[in-house]
Every structure is written in C-alpha cells, then in structure tokens.
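Note sheet for the following structure.
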Amino acid sequence: MSTLKTKWFDSISKDCPLSEYPRPQFVRKSWQCLNGQYDYAITDKNAEKPQKYDGKILVPFSVESAASGVGKSLSPDERLWYRRYFTLTDDFKGKRALLHFDAVDWQCSVWVNSVLVGEHTGGYNPFYFDITDALTDGENELSVKVYDPTDAGHQQRGKQVRETHGFWYTATSGIWQTVWLEPVEYCRIESIKLIPDIDKGVIGIKVNHTCKCGGKITAKVLEGEKVVFDGEISADAEISIPDAKLWSPENPFLYDLYLTLDCDGSKDEVKSYFGMRKYSIVKDDKGIPRLALNNKPYFQRGLLDQGYWPESQLTPPCDEAMIFDIEKMKELGFNMLRKHIKTEPLRWYYHCDRLGMLVWQDMISGGEYIGNFLAGFLPNLSIHVKDNMYKSFKRGKPEWREEFRQELWGMIDSLYNSVSICCWVPFNEGWGQFDAKEIALKVKELDPTRFVDHASGWHDQKGPDFKSMHRYIVPVTPPFSFTKKGRPYVLSEYGGYSWNIKDHVWNSKRSFGYIMFKNSEKLSAAYKHLHDVQIVRLIKKGLCATVYTQVSDVEFEVNGIYSYDRKVLKIDKNVLIETNKKLTY
C-alpha cells in the first residue's frame, strides 16, 4: 500500500467521519449518522456470521483503503462482514426507522438484531431498508455481509481491479459511502422530482408519497428571503417563478423549496432547492449546432474527474476535500467536470450546484474485460463497430445487460434533482457497451431535460446527442462526418500530459502517462501549445466542449493537473487561466 496521503488524512474523525447531512437535495430535520468504528472480519465465502472479528474498520472507507485502518484486499472467494451496535435517539419515538446505505460495493445482506432486513445488489446507487419491526428498546446490533468479485465478475465496477496497473486502480469493496438512520412518518413524502422550465417560467414538482388518503401537500418557494410562492399544490404541480434568476456557473442561484405533507394527523416536512436553468442545442449565426445554457450558446471547458483519493480510493476523505477540487477547478477557469465512471456522495453534487460547476455524469462501466482490439486498436483507425455484438463487447448474457439498465435508471433517478448535471454518459470507450443508441433514447425519455453522450469516445452508433471523440497523442482534428446538419462535436477526452513528481506520486518506480515531461515549465508549455495550435481553432469548426485529462493523478496515472495528494499544481496557474479564456465561442 502506498504511503501517499492528502492534507486531510490526519483530520479524518475516528468517531464519525463524513458526518455532514448526506442528502442535501431532500432534507429532513432528524437523522442519525452510523459512520464510525465497526467490527470487521474477512471469511471464507461459505462461512456463517463470525463469532470472532478480525479488528476495527472505519466506515465509510473501503477495506482496501488506508483510511479504513485495514488496508486489506477482498478476494472473490471471501466475504467481508461488518458489525456495530447503536441506540436510537428520542427522535425515533413513534416513527418508522429507515436504514440508509449510500453505497456498498457490490452485493450485501443486512441484519438488525439477527433479523434479515434486506439485500441489495449494485455498488454505486443508494438504498435503504425499513428496519422498524426488527428494532428493540435499548442497544441494537447491525450486521452486514458483502461479496465483491471486482474484475473477476461482470458487474458495474468502473476501473477497479485486483491487480493494479496503468489506469486500472485499487478496488473499493464493501461500505464506501455514509450509513445513516432516518425517523419518518408512516405517511410521508418518499421522493420528489423537480423540473425547471425557464421558457414557461415555472418549476414543475412531482411528489411521490405514501399517504393512501391523498393528504394535503403545501409548498413554499423562497428567492433568498423573498417568498415566491406559499400554498397548497397537487402531487403533480407547476409553480410560477416570475422574473426567474437563472442558474449558471457564473451565477449559481438556487431557490429554496419547503414541502409539507399533512395526512391523517401526521405531518412530514422536507427541504430542497432548485435552479432555473435549461440545457439545449441551438444553431449559432453560422448554422453550426452548439451546446446551449439558458437558450444561449455556452462553451463547456471541462476536466475528467475520476474522484479518487490516495488514502481512501473512491470515498472522499472529508467534505472539505470535495469542495477543494471543485473550487480549485473553478479558479483555474474550468466550468465543467466529467465525473468519470463513478458516482459521488450527494453532497458533492450539492457543492457543484451551489458553487456553479457543470457536471457530465458517467454510468459505471461493467461486463467482462473487453481487450485492446475493440477498445483501442479499431477506434484508433476510426473503425466503429455495431454494438449489438454482445459477446464481442463482453455483455454476452441478457441478465448482465438488464442489470446495467436497471442500475443506470437508478442512477438517473437518484441524481435527477442535481441542478449542475447537464449530461448523462452511458458508455465510455466501448467498455461493456451494448445497444447504446437504444439506451440513450430511453435515457432521453426518462430525462428529456439533459444531454446524452451515448458512446463517449469510440464506437459511435449515431445516437443522441453528440459526436463524441477521444484523442490522445495523435493530433486533434474535427470529425470527417461533421456538417451543419449533424450533431454537436465534443472532445470528451484529450491531453493526458504527464509529469511524475518525486515525493508526490503513488509509486516512485512505476508510472503511466501518454506523453511524459520532466518539469512544470515543459509541461505548461506543451499544454499551451496543444490548445493554441490544435484546440482553439476547432471551436469555429464546430467544437462545443472539451474534457482535458484530468483533475489529479490517480495511482500510477500521473497526468493530472494536480498531483494525487492535491499538494502540487503541476501546470502553471496563469497558463491554465489564460488558455481557458480562449476556450469560448
């Protein structure tokens, strides 16, 4: 295990890390954090619940990570067990108790006081169980069993592998996002969907609730201290927002929303927020299709953001660390992050919403290992293959494809109210790709308010919404098929210029990068030259968005603009800022 750490490692709480409210888009006043010290054991796959545990693990950090206090890998033939005890606060009296897991990779079973309360499959989406009937007065026991085959399986896992190399990273097994309890009414608001429409000047609100008698729903909308609306609404309503303040990275204004459900003498209250914004495609004055924000062409200057941390892998070490990445990228002139093949805690999206950072959200890749012929050799010859060859793309079994679909729909549902998300990315570079056009059309049906990059980089199926290209090492050129009648052209990965900095790398003896440089001066000069000579000129020819690789180094991969420990900005700050000023319409 590498000894590399960020500045936040030493301040990680050993009692309750990541203790901030975990769901800012849907807030109830009362909750109970269950992050902290758990007993853990790694057993044979057929073993029953352990009588003796191996030691302590700090949740929500994965068992492989240094932050967990364990730093051990989990094999496909092993199972990871957790145990802790908890006592409910007084807020739970007379209420139902929901047990939330914001992410557990990959397959888990959960017991409360030896009662199986639920099972879940899928490593990246949040889920919960109603555990009320399993609870006792006083102390309660929580037990969790996890199976995670990592790259020995077919499941959605992103870049996780058991043997790390190149741009394939350390596995994240088990609980890796917040665990928490929530007291709720029997009749309650289950979820909401917020749909801004700046052309009509309204916010659409869809309320899903459990009240069989219908109940009474009231809403209150605030523009700062000003009350915009206060009254009763239906479960599918539109509220007028006169002279709406539009959300953008330059002015990330958010409206506060309060919802109340009165039903059979009980009252459920939740707080949310929304931004009035619109993502669309428009033609510029030359007839070229452009990505637009709030009906105006808006060039997106982005970075690939893989969201890895040296001490904690997929889990941010703290809230401050998440904010650091977003704020620093804004300071450098970027207005978009492509969240690459992972999801983040909901607080990360909240920070993008309030700070003003557009987000492209990737789906997690899966399937069996595709190999370099389809995922490297053919695309570099500009040969695109039909993705209904399921066995070739390593999605041979129908149940594997259906599992992907359901997890994709679940990701969209859980992140739907994130103001900053402007694009869904179902597939990256052919990894486990199948029926990309069909899936993209379904995504557009589920969410017509956002863009879809249906096949980022390689095997284009002529689906919505972009002609999406990746370019490393070879010169960046516009697609041959580009016309004014075509789809917008985006450069969804490029660059990857690398510098291996002593004392700030994961492994001093092994590193990966596309083009290596010896110091910041040469790296900065090459970055400037790449954009001045190749990238900027493409904007007039139809380029609408750029995604440079990447925010930070990740393990052996040393092509970040920041070092992996976030201590060194590798490219000159002024070069980055001045270059970004040129990336505009």
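Numbers for the structure displayed
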quantity: Distance in nm between pseudo-label sites at HIS165 and LYS93 (7 Å out along the Cβ direction from Cα); calculated: 6.2 nm
quantity: Principal axis dimensions, the chain - Cα atoms, whole angstrom, descending; calculated: 69, 59, 46
quantity: Alpha carbon Rg of region 65-111, scaled by the compact-globule rule 2.2 N^0.38 Å; calculated: 1.58
quantity: ³J(HN,Hα), Karplus 6.51/-1.76/1.60, whole Hz, each residue of region 184-196, x for Gly, Pro; calculated: 9, 6, 5, 8, 8, 7, 7, 6, 9, 10, 10, 10, x
quantity: Considering only the chain, percent of DSSP beta bridges that pair antiparallel, nearest 5; calculated: 70 percent
quantity: Distance (nanometres) between label positions extended 7 Å along Cα→Cβ at LYS271 and GLU331; calculated: 2.9 nm
quantity: Descending semi-axes in whole angstrom, ellipsoid equivalent of region 31-184, from the Cα gyration tensor; calculated: 28, 16, 14
quantity: Alpha-carbon centroid distance for the pair region 418-445 / region 224-264, whole angstrom; calculated: 29 Å
quantity: Low-density loop positions, chymotrypsin sites (Phe, Trp or Tyr not before Pro), region 476-555 - DSSP coil, at most 13 other Cβ in 10 Å; calculated: PHE480
quantity: Rg/Rh for region 279-582, where both radii come from Cα atoms and Rh is the Kirkwood radius; calculated: 0.94
quantity: For region 277-344: Kirkwood Rh in Å [reciprocal of mean 1/r, alpha carbons]; calculated: 14.1 Å
quantity: Cβ-based net charge around LEU18, under 11 Å, with every Lys or Arg adding one and every Asp or Glu removing one; calculated: -3
quantity: Cα centroid separation - region 148-201 against region 275-331, whole Å; calculated: 19 Å
quantity: 222 nm mean residue ellipticity, helices alone, for the chain (DSSP H n ≥ 4; -39,500 (n - 2.57); rounded to 500); calculated: -4000 deg cm²/dmol
quantity: Region 31-184 - share of DSSP beta bridges that are antiparallel (%, nearest 5); calculated: 95 percent
quantity: Average projected area [Cα convex hull, region 189-274], square nanometres; calculated: 5.7 nm²
quantity: 3J(HN,Hα) from dihedral phi, region 64-70, Karplus parametrisation 6.51/-1.76/1.60, rounded to Hz, x for glycine, proline; calculated: 6, 7, 5, 5, 6, x, 10
quantity: Near-label residues of region 168-185 by backbone N, under 18 Å of a point 7 Å along Cα→Cβ of ASN113; calculated: 181-184
quantity: Nearest-20 debye value, the chain charge dipole, Cβ charges on Lys, Arg, Asp, Glu; calculated: 2320 debye
quantity: Low-density loop positions, GluC sites (Glu not before Pro), region 135-190 - DSSP coil, at most 13 other Cβ in 10 Å; calculated: GLU163
quantity: Residues SER456, SER19, SER511, sorted so that the one with the fewest Cβ neighbours within 10 Å comes first; calculated: SER19, SER511, SER456
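Only the coordinates and a few stated rules stand behind these numbers; no lab work does. Note that the coordinates shown come from a computational prediction; the quantities given were computed from them, not determined experimentally. As a convention, Cβ positions derive from the backbone with ideal geometry for all residues, glycine included, and neighbour counts pool all protein chains shown.
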